[in-house]
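Quick note: the coordinates plus some simple rules give every number you see, no bench work behind them. None of the values given here were measured: they were computed from a predicted structure. Using ideal geometry, Cβ is built from the backbone for each residue, glycine included, and neighbour counts are taken over all protein chains shown.
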Amino acid sequence: MKGTDRYRIEGASCMYGDRVLRVGNVSVGGFYVETLEPPERGAVIRLPLSLPQRPELPIVGKVAWVNGRSHPRHSALPPGFGFNMQRIAFNDKMTILACLRKADPASMRDR
């Protein structure tokens, strides 16, 4: 598994403010959040990650890039933002890796 590999994990979501948002893909270092109202690029935010049949994982990280509606950076992805994990407990990181190892290889995305 490479750090650039992205996997779709059905049922993955995160909390941003009072909204539950779908997580479009997950990698070793971050994930993609689908939303029409992304935070600004560079913002450091707390995004608790929910994975199927796992407790919520508290994560703090940085908005790495924004995929806007009017000027999408990646047209194959819906509007949203890329999130780089910066503060995550070791056991929580291992939980993410375990989910990625179980993910269907066909779900891997190139972005």
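Entry remark, the stretch 62-88: residues being among the small types (Gly, Ala, Ser), loosely packed, with under 14 Cβ neighbours inside 10 Å and within 16 Å of Cys14 (Cβ to Cβ) number 0 in total. Scanning the stretch 54-93 for residues that are more than 15 Å from Thr35 (Cβ to Cβ), touching a Pro at 6+ places or on another chain (Cβ under 7 Å) and either in a loop (DSSP other than H, G, I, E, B) or in contact (Cβ under 8 Å) with a residue 40 or more places away in the chain (or both) yields a count of 3.
Could you list all residues from the stretch 11-50 that are part of a loop (DSSP other than H, G, I, E, B), surrounded by fewer than 21 Cβ atoms within 10 Å (Cβ to Cβ) and not small (Gly, Ala, Ser)? Asp18, Val28, Thr35, Leu36, Glu37, Pro39, Glu40, Arg41, Pro48, listed by residue number.
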